[in-house]
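The values are calculated or read from the model by the stated rules, or taken from the named source; none is laboratory data. None of these values were measured; they are calculated from a predicted model. Ideal geometry is used to build each Cβ from the backbone, glycine not excepted, and the neighbour counts take in all protein chains shown. The area values use the complete protein model at the heavy-atom level, side chains included, leaving out ligands, DNA and RNA. Shrake-Rupley method; radii C 1.70, N 1.55, O 1.52, S 1.80 Å.
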Amino acid sequence: MDPTAVIGKTRAVSTPSSPRYTPPKDLSAYAWLSIGAAVTTIALKAFAAWLTGSVGLLSDAAESVVNLVAAVVALIVLKIAIRPADDDHQFGHSKAEYFSAITEGVMIFVAAAFIIISAVERLITPVMPEQLSVGLIISVGASAVNGAVSWVLRRAGRREGSAALLADAKHLATDVVTSAAVLVGVGLVALDAVVALGAGLNIMWTGFKLIRESVGGLMDAAPGGQAQARIEEVLDEHRRAGRIDFHAVRLREAGNRRFAHLHVLVPGEWSVKRGHDFTERVIDDLVAVDPNLRVSAHLEPIEDPKSYEDVEDV
């Protein structure tokens, strides 16, 4: 059976009129949504903090300022990430998203420091919050806005594989949790500064995790198990078709794109054109199951021992 005829019957493949690699999507509209949410929550939470004199609510407002800065950075980075490859960035600009996530992590540390300092000052010099009922209602409304936007960003980030949107979603989700803790603390009055201190430490931990994940992306970390499983499934289908094999399969993730490099082993008696056509079919099938994948393939004769000398380097 001809291995080149087995795969691709049910998958769409590229044609001269249909480019193999689709350009990345412009996700900046989600950043604008995040900016709008940040401006709204800053106004609401700052008013609630001013109305009540609560340091807990003030800490909540401070984190929303960080949300605004992070959203603006995300907007800029998302615009950069979709730029096509050029002479200076021959693999594209998708890694720019990690700079957004790192910037957000650093800003979270700044906000956490401000919150912790304010909480310690309030522990030393306690102040009884005022007009709690109105302030709490306003803060709940602001948290509802953040929760809704976080849900939208998380869905979009997972669907599009966007590190910037996922980072923003995680931050907003943490903001909602922190706000809930602050509301409990403010409601109990005596725990106001203690809860603010806990919120600051929680925010700092979130910043650390964001920076750690972004550094992993900048270091060309391999994508998650699901992305690797899709690739292996396609390769295994080709292996079952005949005297075909693959090795030195390397994967890396860069923002919302993934890059694969693999060696394609085919019978040595195949003509160059036949080997080339088969390799092109393999790439088409890989891209069909993962449109954000960019593939580089190297053709080798399956019988030649030198074809396997690089396996240990993987």
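Exactly one condition in (1) touching a strand residue (DSSP E or B) at 6+ places or on another chain (Cβ under 6 Å); (2) within 28 Å of Gly216 (Cα to Cα); (3) open to solvent by 40 Å² or more (accessible area, probe 1.4 Å); (4) not polar (S, T, N, Q) is false for Gly268; which is it?
Going through the list (1) touching a strand residue (DSSP E or B) at 6+ places or on another chain (Cβ under 6 Å); (2) within 28 Å of Gly216 (Cα to Cα); (3) open to solvent by 40 Å² or more (accessible area, probe 1.4 Å); (4) not polar (S, T, N, Q), Gly268 breaks only (2).
Can you tell me how many residues in segment 262-314 are over 16 Å from Arg230 (Cβ atoms) and part of a strand (DSSP E or B)?
10
Could you pull out the residue among Asp285, Asp220 that is on the phi > 0 side of the Ramachandran plot and either buried (at least 19 other Cβ atoms within 10 Å of the Cβ) or acidic (Asp, Glu) (or both)?
Details: Asp285 fails: on the phi > 0 side of the Ramachandran plot.
None of the others qualify; the one that does is Asp220.
Cβ-Cβ under 7 Å, sequence separation 6+ or interchain: first residue in segment 279-308 and in contact (Cβ under 8 Å) with a residue 12 or more places away in the chain, partner crowded, with 20+ Cβ neighbours inside 10 Å and in a loop (DSSP other than H, G, I, E, B). Which pairs?
The qualifying pairs are Arg281/Ile7; Asp285/Ile7; Asn292/Gly161; Asn292/Asn256.
If I ask for residues that are of a type in the set (D, E, K, R) and either over 9 Å from the mean Cα position of the chain (by Cα) or surrounded by 17 or more Cβ atoms within 10 Å (Cβ to Cβ) (or both), which ones from segment 145-159 would you list? Explain how you work it out, then say what you get.
In the first step, residues of segment 145-159 are kept if they are of a type in the set (D, E, K, R); the result is 154-155, 158-159.
Hits for segment 145-159 are Arg154, Arg155, Arg159.
Condition (residue is aromatic (Phe, Trp, Tyr), surrounded by fewer than 21 Cβ atoms within 10 Å (Cβ to Cβ) and part of a helix (DSSP H, G or I)) applied to segment 43-54: is it met by at least one residue?
yes
Identify, by number, the condition in (1) in a loop (DSSP other than H, G, I, E, B); (2) at pLDDT 70 or above that Met1 doesn't meet.
Against the list (1) in a loop (DSSP other than H, G, I, E, B); (2) at pLDDT 70 or above, Met1 comes up short only on (2).
Only one residue in Leu210, Leu235 is modelled with pLDDT of 75 or more and either open to solvent by less than 60 Å² (accessible area, probe 1.4 Å) or on the phi > 0 side of the Ramachandran plot (or both), so which one is that?
Leu235
What residue, among those in segment 64-114 that are in contact with a His (Cβ under 8 Å, 6 or more places away or on another chain) and either within 16 Å of Leu172 (Cβ to Cβ) or acidic (Asp, Glu) (or both), is surrounded by the fewest Cβ atoms within 10 Å (Cβ to Cβ)?
Residue satisfying both the conditions and the ranking: Val66.
What is the residue count in segment 231-261 for residues that are within 22 Å of Glu309 (Cβ to Cβ), aliphatic (A, V, I, L, M) and in a strand (DSSP E or B)?
Going through segment 231-261 one residue at a time, the tally reaches 4.
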